[in-house]
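The values are calculated or read from the model by the stated rules, or taken from the named source; none is laboratory data. These numbers were taken from a predicted model, which means no experiment stands behind them. Here the Cβ positions follow ideal geometry from the backbone for every residue, glycine too, while neighbour counts run over all protein chains shown. Surface areas here come from the heavy atoms of the whole protein model, side chains and all, with no ligands, DNA or RNA. Shrake-Rupley method; radii C 1.70, N 1.55, O 1.52, S 1.80 Å.
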Amino acid sequence: MTPDRSAQPPSQPIADLQIAIAAFVVGAGWLFSIHALAEFPPLLFLGSRFVIAGLLIGLLARFASFAELGRAVRLLLPAALALAVAMMAWIFGLKQTTNPGVAAFITSTGNLLVPVFGLLFFGWPVGRALWISIAVALAGMGLLFLGPGARVEVAHLYFVVSALLWAASIALVKRDSTEVGAVATAAIQLVAAGVVILAVSLPVEQMPAAVPSIAIWGWFLASILISTCLRFVLQFRGQQMISAARASVIMCCEPVWVLVFALAFLGSPLSLSQILGRAVILLAMLGQVVFRPNSAA
């Protein structure tokens, strides 16, 4: 049985904060991406964003030799491939969805599935308190899905596929990243996934007829620096110090922030059920963060 490497207790508040900030940044990233997709082809935007962000993060990584780098790439390649396909499904869904809040609910179920994947494939232990928090958070996200614009769309299938592959990718990263380090893991994951996405983009997408506007380049830059560089480093670093189940509960705040940004900047409707859903998700997260379980999971 492969243990779920969890954090050292003194580092737990720092890890919780890093994951919480990552969830906020992910929420903002939906807004950045929606604006950038107005003039960028989806895969070109996503692949170039990942490669550039990975190279920038890579400047901070330390490798003793090319042999060590090659070993790290081989170790993380399965997770990177899963990430690439997950993000391609996500970007196609984002291009088509009419309700970002509902889309975020579906996608965020991937965070809840991470400890499930870890339990099934690696034998990670998951304590009862954590399962209760996950169940409460899932109920809250179910309330988010009951908004007035939450009708079934083709885009929802993309988000389901993305959620499953995202969970697989994060479980693999959780297992392997302690041998590589958070910064190096983020760099390798992003560059490898970005190269795969660009390899798909070149033969299937038509390049823009005109150079994107300055405003769109601003959204693109925000996507690279904030919702990619900052998000992945914080998330991978935090996940190294706490259990997969605990991190997944904190990341459940992602759809809450997506709803906030969609309401504030896109004018998306917000129903009573969605307000209740946000409250339930926050309750699940705060309950898990404030009352630390004794379980290693």
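A few notes on this one:
- Filter result for Ile91 (at pLDDT 80 or above, open to solvent by 10 Å² or more (accessible area, probe 1.4 Å) and not in a loop (DSSP other than H, G, I, E, B)): no
- For Ala209, the requirement of being more than 19 Å from Trp30 (Cα to Cα), modelled with pLDDT under 85 and in contact with an Asp or Glu (Cβ under 7 Å, 6 or more places away or on another chain) is not met.
- For segment 150-166, taking the residues that are open to solvent by less than 30 Å² (accessible area, probe 1.4 Å) and at pLDDT 90 or above, the one that is nearest to Gln235 (Cα to Cα) is identified as Trp166.
- Failed item in (1) without any contact (Cβ under 8 Å) to a residue 24 or more places away in the chain; (2) open to solvent by 60 Å² or more (accessible area, probe 1.4 Å), with Gly218 passing the rest: (2)
- Residue within segment 179-187 that is in a helix (DSSP H, G or I), within 28 Å of Leu286 (Cβ to Cβ) and either in contact with a Lys or Arg (Cβ under 7 Å, 6 or more places away or on another chain) or open to solvent by 10 Å² or more (accessible area, probe 1.4 Å) (or both) present: yes
- Subset of segment 198-229 [in contact with a helix residue (DSSP H, G or I) (Cβ under 7 Å, 6 or more places away or on another chain) and within 14 Å of Ser33 (Cβ to Cβ)]: Ile216, Trp219, Phe220, Ala222, Ser223, Ile224, Ile226, Ser227, Thr228
- Of residues in segment 94-109 being open to solvent by 20 Å² or more (accessible area, probe 1.4 Å) and not in a helix (DSSP H, G or I), the one farthest from Phe265 (Cα to Cα): Thr97
- Segment 32-57 residues that are within 10 Å of Trp219 (Cβ to Cβ), paired with ones that are among the charged types (D, E, K, R) and surrounded by fewer than 24 Cβ atoms within 10 Å (Cβ to Cβ) (beta carbon under 8 Å, 6 or more apart): Leu37/Lys95
Conditions (1) modelled with pLDDT of 80 or more; (2) out of contact with any Lys or Arg (no Cβ under 7 Å at 6 or more places or on another chain); (3) more than 26 Å from Ala171 (Cβ to Cβ); (4) among the aromatic types (Phe, Trp, Tyr), marked per residue:
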residue: Ser223; (1), (2), (3), (4): yes, no, no, no
residue: Ser227; (1), (2), (3), (4): yes, yes, no, no
residue: Gln235; (1), (2), (3), (4): yes, yes, no, no
residue: Gly238; (1), (2), (3), (4): yes, yes, no, no
residue: Trp257; (1), (2), (3), (4): yes, yes, no, yes
residue: Gln274; (1), (2), (3), (4): no, yes, yes, no
residue: Val280; (1), (2), (3), (4): yes, yes, no, no
